Amino acid sequence: MEDKELISQLNKLKEIKPSAKWQEENRSILMNQLYSLGSNLGARETAKTKLSFKWLVNLPQPAMAAFLIVMVIMGGGIMSIKAAKNSVPGQALYIAKIINEKTQQAITFDQEKKARLGLTFAHNRAKELKEVLAQEDEQAEKTERAQQLVVNFRKELAIAKERIVKINERAPKIIAEEPLNEVDANLSTDEIAVLDIEDGQMFSANLGKEENGIQIGDSEIVEEPVEEVATEPQEDTVAATEPATTTDSEQAEGQASTTEPVATEESAGAADVLEEAQALLETQDYDATLSKLEEADDLIEQAGTVKGEEAAVLATGTSAVLEIEEQASTTFENNDK
Amino acid sequence: MPQNIKDKQVFNKLKKKDKDAFILVYDAYANSIYRFIYFKVGSKEEAEDIASQVFLKTWDYIRNNNLKDYKTLKSLLYKVARNTVIDHYRKQSRKTESSLDAGIDDINNVNIVDPAQDIISEISTKADHEMLVLRMRDLKDEYREAIVLRYINELNIKEIAQVLDKSRGNVRVLIYRALKALKELAEDEERE
């Protein structure tokens with residue numbers, strides 16, 4: 001039987017579905033569970049955060065008065081910031097919003113956080129632009145505000161890109177693992193050839209079909225060295241490890257076993273994504289622009305999380321990394337048994 | 001808007017524990033998760049029970065964790081599904097002796113074809129499908145899993161690697177071996 005024919009038959013097994021009745025009933029059950037869990041949670045959290053003001057009664061009057069004045073000023077400030085959060089150019093509280101952003105920028109010292117803050121502000125500019133263009137004001141006024149917003153958006157993006165460059169410069173130089181040159185004795189010649197095939201080309205009956213899925217970062221496929229070969233399959237007695245039960249040490253091992261140079265690539269990926277966001281804004285696709293900004297934010301966040309651990313691992317040298325990877329794979333396989 | 005941007009927006013909302021976003025996830029993935037489980041347990045009723053548990057467990061995980069360890073929602077869902085099936089087998093083995101033939105009778109009784117189809121094509125399609133499903137049962141669990149993920153649920157290599165916690169190279173070799181084993185089963189049957 002030809003591979004394509006077999007694959008085509010397998011594709012048809014997509015017709016196996018649960019009954020519509022089960023799907024609908026299960027959906028209702030799930031919704032009930034989600035919302036009943038949510039309301040219970042809300043009640044518990046409310047109970048925990050209730051403040052007790054009993055101690056106020058014992059304060060002398062002048063101290064109590066001073067405390068109340070400070071609370072009113074702070075409360076007023078906080079409320080005006082909250083009210084300003086959704087304001088757009090032309091509204092009275094917009095200046096408060098900008099002042100708040102500048103303040104946040106000034107009191108943030110970490111480069112990664114500054115970059116992410118910059119993206120948040122760029123995100124705000126893009127949202128404001130969308131809202132301004134939807135307003136029913138005079139065309140001349142709208143155009144002027146929109147132009148100013150576009151200028152500000154470009155500024156924020158440029159600043160964010162600069163910061164990403166700084167993050168890259170400071171990140172440790174991560175040397176990509178040299179691919180293992182030894183061929184595993186268990187791999188046949190055909191299987192070795194399979195390793196060279198691009199992901200989308202391998203025995204796919206859906207040639208030309210876009211491979212969808214929730215992707216983060218570049219969709220470009222990076223070839224990995226083979227660390228292990230598929231061994232005899234585990235029996236059904238494989239240990240069940242819920243994702244939530246992963247311990248910190250297992251997490252660190254799992255991350256240590258990553259061979260891709262993640263931190264600099266992801267930071268560089270964020271810069272590319274920002275370019276795309278800018279291009280999308282020029283074409284007035286604001287929803288896509290906002291999505292790209294969120295994507296860039298995630299990349300910077302991931303770069304920040306991984307680079308610390310990667311640096312620690314690489315400090316011990318390449319051979320030590322390979323050792324850790326082997327131990328991590330063995331640990332994982334032992335956990336599976 | 002492209003599908004992957006929509007998926008990304010949903011995933012971002014899930015990180016903020018948005019319940020409505022999770023219902024969208026259920027609508028999008030209920031069928032494929034059911035199918036994945038069905039090929040593992042071989043029984044429609046069990047697959048439905050386990051699939052229900054998977055979504056509840058996934059929501060529970062999302063509520064209590066920040067999803068940083070997962071790059072995609074698919075990998076989380078499939079991992080929870082795999083673990084739930086394993087738990088199910090453990091409970092079953094405690095209750096009764098395990099049977100290698102468990103579930104095969106169920107396959108024969110399952111209507112895997114839409115009854116609305118034309119009767120003749122239904123019979124022929126059903127026969128082909130049943131043969132293929134039976135052959136799949138004869139495969140090693142690892143191979144069957146790889147085939148279901150790749151050719152039936154149509155995950156890409158990167159996604160399968162995340163679900164199975166293997167490298168992409170290993171996944172490609174695994175799929176190659178799985179397909180080869182399935183072909184050999186088909187050829188052995190034709191010879192008989």
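Below is a table of values for the structure above.
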read-out: Residues located in segment B:36-90, provided they are among the aromatic types (Phe, Trp, Tyr), more than 11 Å from the chain's Cα centre (by Cα) and modelled with pLDDT of 90 or more; value: B:Phe55, B:Trp59
read-out: Condition met for B:Arg137 (outside any loop (DSSP other than H, G, I, E, B), open to solvent by 40 Å² or more (accessible area, probe 1.4 Å) and at pLDDT 90 or above); value: no
read-out: Considering residues of segment A:132-149 that are in contact (Cβ under 8 Å) with a residue 40 or more places away in the chain and buried (at least 16 other Cβ atoms within 10 Å of the Cβ) only, the residue farthest from the chain's Cα centre (by Cα); value: A:Arg145
read-out: Given (1) crowded, with 17+ Cβ neighbours inside 10 Å; (2) at pLDDT below 85; (3) within 22 Å of A:Leu290 (Cα to Cα), number of the condition A:Lys113 does not satisfy; value: (1)
read-out: Subset of segment B:8-21 (residues that are at the interface with chain A (Cβ under 8 Å from one of its Cβ atoms) and either over 22 Å from B:Ile160 (Cα atoms) or at pLDDT 95 or above (or both)); value: B:Lys19
read-out: Residues of segment B:22-44 satisfying the condition of being among the β-branched types (Val, Ile, Thr) and either within 14 Å of B:Glu154 (Cα to Cα) or facing chain A (nearest Cβ under 9 Å) (or both); value: B:Ile23, B:Ile33
read-out: Number of the exception - A:Met79 against (1) within 30 Å of A:Phe121 (Cα to Cα); (2) assigned to a helix (DSSP H, G or I); (3) at pLDDT 80 or above; value: (3)
read-out: Out of A:Leu51, A:Leu41, sole residue that is at pLDDT below 85, open to solvent by less than 100 Å² (accessible area, probe 1.4 Å), closer than 30 Å to B:Asn64 by Cα and among the aliphatic types (A, V, I, L, M); value: A:Leu41
read-out: Pairs where the first residue, in segment B:137-166, is without any contact (Cβ under 8 Å) to a residue 40 or more places away in the chain and the second is among the hydrophobic types (A, V, I, L, M, F, W, C) and open to solvent by 10 Å² or more (accessible area, probe 1.4 Å), C-beta under 6 Å, 6+ apart; value: B:Tyr143/B:Ala181
read-out: Matching residues, segment B:155-187, being within 17 Å of A:Asp3 (Cβ to Cβ), open to solvent by 10 Å² or more (accessible area, probe 1.4 Å) and more than 7 Å from chain A (Cβ to nearest Cβ); value: B:Lys180, B:Ala181, B:Glu184, B:Leu185
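The values are calculated or read from the model by the stated rules, or taken from the named source; none is laboratory data. The shown structure was predicted, so the numbers you read here are calculated from the model rather than taken from an experiment. We place every Cβ from the backbone using ideal geometry, glycine too, and count neighbours over all the protein chains shown. Only protein heavy atoms, including side chains, enter the accessible area calculation; ligands, DNA and RNA are left aside. Shrake-Rupley method; radii C 1.70, N 1.55, O 1.52, S 1.80 Å.
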